[in-house]
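For reference, the structure is listed below as structure tokens.
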Amino acid sequence: MMLQAYGVVLALLVAMAAGSLLILSFGQSPAQVYGVLLKSTWGDSYGFGQMLFKTTPLILTGLSVALAFRAGLFNIGCEGQLLVGGFACALLGTALPEATPGLIAVPLCILAAASAGGALGALPGALRAYTGAHEVINTIMLNMIAGAAVLWAGNRFFFVSETTHTAEVTSSAWIPTLGLGQSAANWSFVIALALAGAFWFFMDRTRRGFELKTVGYSPGAAENAGVNVRRSIVIAMTMSGALAGVVGANYVLGYKHYYEKGMGLGMGFMGIAVALLGRNNPIGIVFAALLLGTLSHGGLAVNAFVPKELIDILQAVIILAVAITSAQTQRALARGEHT
């Protein structure tokens, strides 16, 4: 574990060095640019809130991808799963009476989001378990199908006339803000942290979690030990989709208060990067999401000094550096086991 932590730190140092060289190429001071980036996020209440708002979906999609990874699966369907989750969350939220207590309305809407995302995740899981169809291809295709289906259903039945969004959900289902300036940060961030804790407990302290990890390590060995591999695959993909679906709560219940076309665009694919940076560990995922959330919002502030695309390059360098150091760490661990 310590060696893996050193690998992540080394990767971040490499990324910072590469970023510094790029900043210098634009005739700017790396210290000044990094200082502005940190001040606009961690040194300002509004910026801090916006950073937490952007971090929330990254935590959830990172957990989603990591759960599938731990079971030996690759869920690239978070984009579609968060879309159907947000859509279902909004539809239920608009259908609930205004008099519905918040303690009932909010959990029901979150459950609707998780159920819709989980159902979409279960489909490629079942196809993988019972037909051998690879979940990577299926989840990629389902992203496009889900996006098209939601847009069709919205335009046909649910969107407000001449818009691409639904009506507002009942006010009792709104998730309160965290009160950080006028930022969009809301209590969905706390929900994401709670789910990270639940992820740890499930994977490390329950029998079902142990079975999923066993399937991830060796499906053959798991089957010989009496684990129902097919059922475990379906469960893993369902739970993975459910986590992605909860992203809808951040946008629908905590920010926009309605579903809108393009909601959370790109967050599903960024979840893959978060899971990689966090080494599929819930604590690591939270810190990785905070890092990428900081870069995402801080990039807006440093745009006055360097192109915003520099932040995209920096994120890519971090991911590549972590991938390289991860491979080196695995080799070092393997050598240690044979000495």
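Here A184 clears all of (1) outside any loop (DSSP other than H, G, I, E, B); (2) touching a strand residue (DSSP E or B) at 6+ places or on another chain (Cβ under 8 Å) except the condition numbered (1). Scanning region 291-329 for residues being β-branched (V, I, T), under 16 Å from the mean Cα position of the chain (by Cα) and either surrounded by fewer than 18 Cβ atoms within 10 Å (Cβ to Cβ) or at pLDDT 90 or above (or both) gives a total of 1.
Only one of the numbered conditions (1) hydroxyl-bearing (S, T, Y); (2) over 24 Å from F189 (Cβ atoms); (3) within 17 Å of the chain's Cα centre (by Cα) is not met by T56, and that is (2).
Note on region 3-25: among residues that are modelled with pLDDT under 85 and of a type in the set (V, I, T), the one that is surrounded by the fewest Cβ atoms within 10 Å (Cβ to Cβ) is V9.
Hey, among T214, T177, T170, T206, which residue is crowded, with 20+ Cβ neighbours inside 10 Å and polar (S, T, N, Q)?
Being crowded, with 20+ Cβ neighbours inside 10 Å and polar (S, T, N, Q) holds for just one of T214, T177, T170, T206, which is T170.
Being at pLDDT below 95 and surrounded by fewer than 19 Cβ atoms within 10 Å (Cβ to Cβ) is a description that does not apply to A95. Here S25 passes the criteria (1) closer than 30 Å to R208 by Cβ; (2) among the hydroxyl-bearing types (S, T, Y); (3) over 21 Å from the mean Cα position of the chain (by Cα) except the one numbered (1).
This table checks each residue for (1) in contact with a helix residue (DSSP H, G or I) (Cβ under 9 Å, 6 or more places away or on another chain); (2) modelled with pLDDT under 95; (3) part of a loop (DSSP other than H, G, I, E, B).
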| residue | (1), (2), (3) |
| --- | --- |
| V234 | yes, no, no |
| G241 | yes, no, no |
| F269 | yes, yes, no |
| L276 | yes, yes, no |
| A289 | yes, no, no |
| L333 | yes, yes, no |
| T339 | no, yes, yes |
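Taking the criterion of being farther than 26 Å from G209 by Cα and either among the small types (G, A, S) or surrounded by fewer than 24 Cβ atoms within 10 Å (Cβ to Cβ) (or both), the residues of region 71-92 that qualify are G86, A88, A90, L91, L92. Once region 119-148 is narrowed to residues that are surrounded by fewer than 16 Cβ atoms within 10 Å (Cβ to Cβ) and over 21 Å from the mean Cα position of the chain (by Cα), the residue that is farthest from S240 (Cα to Cα) is A148.
Taken as a whole, region 251-260 holds no residue that is touching a residue at least 12 places away in the same chain (Cβ under 8 Å), of a type in the set (V, I, T), farther than 30 Å from G154 by Cα and touching a Ser or Thr at 6+ places or on another chain (Cβ under 9 Å). Test G47 against the stated conditions and say whether it is surrounded by 14 or more Cβ atoms within 10 Å (Cβ to Cβ), on the phi > 0 side of the Ramachandran plot and touching a helix residue (DSSP H, G or I) at 6+ places or on another chain (Cβ under 7 Å). For G47, the condition - surrounded by 14 or more Cβ atoms within 10 Å (Cβ to Cβ), on the phi > 0 side of the Ramachandran plot and touching a helix residue (DSSP H, G or I) at 6+ places or on another chain (Cβ under 7 Å) - is not met.
The values are calculated or read from the model by the stated rules, or taken from the named source; none is laboratory data. As the structure is a computational prediction, the values presented were derived from the model and not from experiment. Every residue, glycine as well, gets a Cβ built from its backbone with ideal geometry; the counts of neighbours run over all protein chains shown.
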